[in-house]
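The values are calculated or read from the model by the stated rules, or taken from the named source; none is laboratory data. Nothing here was measured: the structure is a model prediction, and the numbers come from that model. Don't worry about glycine lacking a Cβ; one is built from the backbone with ideal geometry, like all the others, and counts go over all protein chains shown. When the accessible area is computed, the model is the full protein with side chains, heavy atoms only, and any ligands, DNA or RNA have been set aside. Shrake-Rupley method; radii C 1.70, N 1.55, O 1.52, S 1.80 Å.
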Amino acid sequence: MADASEKKPILQFAPFQSVVDEGFWHRLSSLKLNKLGIDDSPIPISGFYAPCSHAQVSNHLSLLTESLPTEASEQACTSSVSLGNRNKCSVPGMIYNTNTFEGYQSLDKQSLLKAETKKIWDDIHSGKALEDSAALSRFLIISFADLKKWNFYYWFAFPALVLEPAATLVGIKPASQWLSPEETESLSAACKEWRNSNLTADVPFFLVSIASDSSVTIRHLKDWEDCKGNGHKLLFGFYDPCHLPHNPGWPLRNYLALIFTKWNIRRIHFLCFRENRGFADMGMSLVGEALISVPEVWKDRNSVPNAVGWEYNMGKKGSKCVNLAKAMDPTRLAISAADLNLKLMRWRALPSLDLNVLSATKCLLLGAGTLGCQVARMLMAWGVRKITLVDSGKVAMSNPLRQSLYTLNDCLNGGEFKAISAVKNLKQIFPAVEAEGVVMAIPMPGHPVPSQEEESVLNDCRRLHDLISSHDVVFLLTDTRESRWLPTLFSAASSKITITAALGFDSFLVMRHGAGPFSSSNNLKTQTLSGPADSVDTASLSHNNGPQRLGCYFCNDVVAPIDSTTNRTLDQQCTVTRPGLAPIASALAVELLVGILHHPHGIHAEGEHANANISANHEQPLGILPHQIRGSLPQFSQITLLGHSSGSCTACSETVVSEYQDRGMDFVLQAINHPTYLEDLTGLTDLMKSASSFDVDWDKDDDDDYADDNDCVEI
């Protein structure tokens with residue numbers, strides 16, 4: 001008998017095969033970037049498989065989008081997996097995703113396999129596998145996600161306890177040949193009922209009890225005690241993903257180990273359940289008989305058997321790699337690539353970075369020249385997606401070298417409008433940007449409007465007002481002083497975040513405007529030019545009466561903006577600056593905006609100095625938030641300054657904003673045609689008169705105490 005037994009063929013199992021849906025990799029990428037960061041702890045996941053449903057194709061264990069937990073979930077993903085799906089039998093698994101490719105290659109695969117095998121072994125001995133039989137098919141996957149190139153390296157393992165010696169196969173044939181016609185019909189009906197029930201459709205291991213009258217009942221594994229003594233024929237059934245006509249699938253391996261370990265059965269009749277088009281197919285399903293002979297040490301829970309299970313790739317053990325870059329929509333790929341650096345910032349350097357705030361912020365750029373082009377690109381780099389550019393000029397041959405959004409083609413045939421061309425090229429750089437170009441000249445004080453053009457200019461004023469009202473941030477990037485007046489007024493009236501960037505030949509100014517005079521968020525005070533002399537040192541102002549409102553671009557002026565473009569030579573007509581100046585100023589302007597958006601007080605944040613003593617309670621992750629930044633290329637230096645609002649400002653003072661709110665566009669038209677009107681309204685005219693009539697008597701004193709340095713008067 002022993003010789004006959006040795007000649008029996010070894011029971012061979014068809015290995016499990018894996019397939020990973022693209023959605024799984026997308027969710028893993030999102031989890032890695034937005035939640036996990038550098039945390040490489042193993043993640044519980046779920047895989048899915050179903051009985052074989054085609055005579056020539058095996059079913060695979062699949063990883064889908066829902067295999068992973070959502071970003072908002074702190075629990076294992078299995079809690080979100082729908083139960084009772086006949087086509088998606090859920091199997092628990094674990095993914096080990098490394099931070100580097102070197103880490104992926106150096107993983108101790110054998111130790112990981114043993115760890116998962118021990119879980120299966122413990123579930124068998126504890127009885128958990130009887131309650132949740134899917135635990136017998138537990139799996140693991142190691143992976144590395146290269147999110148720059150969208151390469152995903154991975155390797156599956158399906159741990160299987162090694163039967164030593166191997167199980168022998170007594171025989172295996174289609175269920176329709178093993179069973180009588182009555183038993184076959186009854187088994188088909190029982191399987192149909194089992195598969196159609198929400199309670200059992202995804203339970204992959206079960207008991208088949210065949211009574212003497214050929215009636216068939218399917219029971220849970222935990223019902224073994226009720227089945228073993230009733231004298232019925234018993235088959236150990238499982239969902240078989242394999243299509244081969246003479247071999248069972250991989251799940252049977254651990255099933256046999258459970259049957260022997262828990263119930264000490266050595267001759268086992270098993271049912272490989274398979275379907276055809278969703279119905280039980282007893283011609284494809286197999287019934288087999290196997291003999292098991294394993295050492296008694298298997299009774300010892302602490303003695304974990306050896307295991308195999310690493311998946312083969314192209315006929316040999318090895319990992320797989322999939323590249324999703326080509327399969328992805330170019331726009332979606334561009335968005336993922338653009339957000340990559342920003343999301344990586346949150347891993348270590350800047351956890352508080354709010355990408356949602358940045359992407360939702362609507363930015364209006366007045367001027368699409370050297371500054372406008374650079375600011376637009378910097379905004380996109382920070383994740384801002386909504387950008388509107390306003391300019392009335394056309395692209396000239398001299399522009400592409402310094403204005404980074406234009407090429408030679410934009411200059412041909414008289415040149416395209418800058419606002420239109422800039423938007424077109426922004427979308428070529430980043431297709432997902434929501435950019436709009438507006439061709440419009442900004443009405444300016446000192447540029448009187450003929451009566452026949454008044455209505456057209458007023459329409460431009462109204463359009464500018466509507467643009468500012470519909471945006472969150474306004475960048476003043478025009479190349480004349482007077483073109484900044486009207487948008488400054490409108491921004492002050494609606495208390496919009498406003499940032500100015502202005503260039504000299506080798507110097508620049510970047511500043512943020514304070515909130516409007518009627519902003520209700522803070523009780524902001526306004527400094528007047530007629531205040532006490534000691535109030536001029538704004539850096540050391542006392543805040544006993546509350547914080548003062550920060551000034552705008554015009555607050556330090558003692559004259560109204562006038563025409564600065566007439567009678568200019570060629571070098572004055574062009575923006576002649578050192579080429580490196582615009583990128584520096586533009587970058588600082590955008591960094592200033594990001595600081596404002598992340599400051600708890602937003603537009604009302606007080607101005608801070610580079611050397612200011614800031615307490616830990618007020619320290620911001622992005623650093624200080626200055627009011628003004630002035631830079632000098634000859635000195636390769638920059639300084640931060642603080643200037644409070646002026647009660648005589650021609651653009652943002654309470655007097656001017658109140659007059660605009662009372663009179664509307666009539667006030668704007670009067671200011672455009674008669675710039676001295678602003679000086680009269682704000683009191684600058686009287687101030688200049690009083691200053692010109694002020695005589696200083698220099699009394700010569702014989703006292704030697706006023707010699708040398710003491711001749712200087714501090715103002």
Task: By average C-beta atoms within 10 angstrom, highest first, the peptides 133-139, 582-588, 265-271 - done: 133-139, 582-588, 265-271
Open item on the list: Quick one: 3J(HN,Hα) in Hz for the range 149-158, Karplus 6.51/-1.76/1.60 with θ = phi - 60°, rounded, Gly and Pro as x.
Closed with: 9, 6, 9, 10, 9, 7, 8, 8, 9, 10
Open item on the list: Can you give me the % of accessible surface on the range 364-431 that is carbon or sulfur? Probe 1.4 Å, all protein chains present, nothing else counted.
Closed with: 56 percent
Task: Residues whose placed amide H lies under 5 Å from that of LEU477, excluding near-sequence neighbours - done: LEU366
- [ ] Return the Cα extents of the range 290-361 along principal axes one, two and three, sorted largest first, each rounded to a whole Å.
- [x] 70, 33, 20
Open item on the list: Ranking request for peptides 171-177, 421-427, 157-163: highest mean number of other beta-carbon atoms within 10 Å first, then the rest in descending order.
Closed with: 157-163, 421-427, 171-177
Task: Accessible area in square angstrom per residue, the chain, 1.4 angstrom probe - done: 48 Å²
Task: Packing-based order for 467-478, 388-399, 622-633, using average beta carbon neighbours within 10 Å, highest first - done: 467-478, 388-399, 622-633
TODO: Under 1.5 on a/c is rounded, so check that first for the range 168-306, then, if it is not, pick prolate when a/b is larger than b/c and oblate when it is not; a ≥ b ≥ c are the square roots of the alpha carbon gyration tensor eigenvalues.
DONE: prolate
TODO: Run through all the Cα pairs of the chain and give the fraction in each 10 Å bin from 0, expressed as whole percent.
DONE: 3, 12, 17, 15, 11, 9, 9, 9, 8, 4, 2, 1, 0, 0
Open item on the list: Accessible area of the range 445-499 with a 1.4 Å probe: how many percent of it is carbon plus sulfur?
Closed with: 45 percent
Task: Filter on LYS148/LYS320; LYS343/LYS394; LYS192/LYS233; LYS7/LYS228 - keep pairs with C-alpha separation over 28 Å - done: LYS343/LYS394; LYS7/LYS228
Task: Phi to ³J(HN,Hα) by Karplus 6.51 cos²θ - 1.76 cosθ + 1.60 over the range 291-302, Hz, x for Gly, Pro - done: 10, 10, 9, 10, x, 5, 4, 5, 6, 8, 4, 7
Open item on the list: Strictly over 22 Å apart at the Cα level, which of LYS173/LYS262; LYS35/LYS496; LYS362/LYS427 would you flag in this model?
Closed with: LYS173/LYS262; LYS35/LYS496
